[in-house]
Amino acid sequence: MNLGIETGGTKLQLVTDNMTGQLTQRFRYTVDPTQGAAGILAQIETTVRQLPELPQAIGVGFGGPVDWQSGRIAASHQVGGWSDFDLTDWLHDLAPGALIRVENDANVAALGEARQGVAKGFGTVFYMTLGSGVGGGLVVNQHIYHGAVPGEAEVGHLWLVPPSADSPGQTIEQTVSGWAVDKQIRELLPQLPPDSALRLAVQQAHGQGLAGGEARFLHQAYEASDPVARMLIEQVGSVIALGLSHVVHLFHPDVIVLGGGLSLIGEPLRAAVRQALLRYVMPSFGNLPVILLSKLGEDAVPVGALELLMNVK
């Protein structure tokens, strides 16, 4: 049995397979950031202890920069307590003798989409995750591209406004992560007309005690012809495209895959990204990379984590 683990800013997922890539069990938990790394580690340990047998191999997609060679965590930008934590060593204590591979979650998701998802068959694949953070992963000929440790392809940390003596600046992640878009919607809410589809959907959710995650209503509001939802999707798409224009100019991948919770906006977001990217990439590059939505969805990281254990150089 192999075990795939996803640790992010909002969720923890563990999946097992039957050694052939077919998923057999799934466990999903909501991350409580106030519990820090210790809370996540406790959930992992409890789950592994419940398995009918210890896994023979464990692949991890971690939400932050990691030293993939040693399995030591550099940092998490959403959950405290991870800095310089030796996750490989900890997992070896939990499952003695198991093969352990630890990678950045976006790298792992890119591998999953390249081998098992929507980008299967493409040579060079760039994956952009749009969740509690914004990250990237590059896969070339079915293998993750690595720079110097502890990271690479961190598209979310490109500056939109560079820091200065008078300003902390603003990154792509600070602008179009799920949390950032949720905040923008909450700030706009009082200005929206009473019959706004976006306002009504968010207010109904809040009335049911479901605060947060406001961005998930953008698609249905867009389908209801809400002009503010359309404006927000176009603005978000433009910022994403600006980040991806650097990716195209540097690496010119065959395909770009949009994943993470914000990608569930779906086709309106994909179309907005592609339209804006046309303005940001120099004409001499010719055709843009194909822009696709993730096929694996929430399974991208767990599936990719399992793929880490298969024929990795």
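Read-outs: derived from the displayed coordinates by stated rules, not from any lab. Because the structure is predicted, anything quoted here is derived from the model rather than measured. Note: ideal-geometry Cβ built from the backbone for every residue, glycine included; neighbour counts use all protein chains shown.
Suppose R0 equals 51 Å. What FRET efficiency, 1/(1 + (r/R0)^6) with r the Cβ-Cβ distance, do residue 83 and residue 25 give to the nearest 0.05? If you can, show how the numbers build up before the last one.
Working: r = 31 Å, r/R0 = 0.61.
The formula returns an efficiency of 0.95 here.
Tell me whether the range 105-164 comes out rounded, prolate or oblate; compute the Cα gyration tensor, take square roots of the eigenvalues as a ≥ b ≥ c, and use a/c under 1.5 as the rounded threshold. Display every interim value, and only then the final one.
Values: a/c = 2.51, a/b = 1.85, b/c = 1.36.
Note, shape of the range 105-164 comes out prolate.
Would you kindly give the portion of the calculated P(r) for the range 155-293 that falls above 26 Å, as a percent of all Cα pairs?
29 percent
Just to be sure I understand the model, the point goes 7 Å from the Cα along the line to the Cβ. What's the resulting residue 167 to residue 46 distance in nm?
About 4.5 nm, to one decimal.
Just to check I understand the Karplus step: with θ = phi - 60° and J = 6.51 cos²θ - 1.76 cosθ + 1.60, what whole-Hz values come out for the range 285-295, glycine and proline as x?
6, x, 5, 6, x, 5, 9, 10, 8, 3, 8
Taking only Cα atoms, what is the 0 to 90° angle, nearest 10, from helix 197-207's long axis to the longest principal axis of the chain?
Roughly 50 degrees between the two axes.
Could you give each residue of the range 166-181 its phi-based ³J(HN,Hα) in whole Hz, using Karplus coefficients 6.51, -1.76, 1.60 with θ = phi - 60°, and x for Gly or Pro?
9, 8, x, x, 8, 9, 4, 4, 5, 9, 10, 5, x, 5, 5, 5
Would you kindly derive the ³J(HN,Hα) couplings of the range 55-72 from the backbone phi angles with the Karplus curve 6.51 cos²θ - 1.76 cosθ + 1.60 (θ = phi - 60°), listing them in order in whole Hz, with x for Gly and Pro?
x, 7, 8, 10, x, 10, x, 9, x, x, x, 9, 8, 5, 6, 9, x, 8
How do 270-278, 220-228 rank on mean C-beta neighbours within 10 Å, highest first?
Values: 270-278: 18.6, 220-228: 17.0.
Per-residue Cβ counts within 10 Å, averaged per peptide and sorted highest first, yield 270-278, 220-228.
Just to be sure I understand: with springs between alpha-carbon atoms less than 10 Å apart, which residue in 124, 171, 20 has the highest mean-square fluctuation in the Gaussian network model of the chain?
Result for the chain, Cα springs under 10 Å: 20 fluctuates most.
By how many nm would the segment from residue 32 to residue 70 grow when fully extended, if each residue of separation counts as 0.36 nm and the alpha-carbon distance is taken off? Mind showing how you got there, number by number?
Working: separation 38, 0.36 × 38 = 13.68 nm, distance 2.67 nm.
Full extension from residue 32 to residue 70 adds 11.0 nm.
List the residues, sorted by chain then number, that are 5 or more residues from residue 177 or on another chain and whose placed amide H is less than 5 Å from its amide H.
The answer is none.
Scan around residue 80 for amide H atoms under 5 Å from its own, H built in the peptide plane at 1.01 Å from N, and keep only partners 5 or more places away or cross-chain.
36, 37
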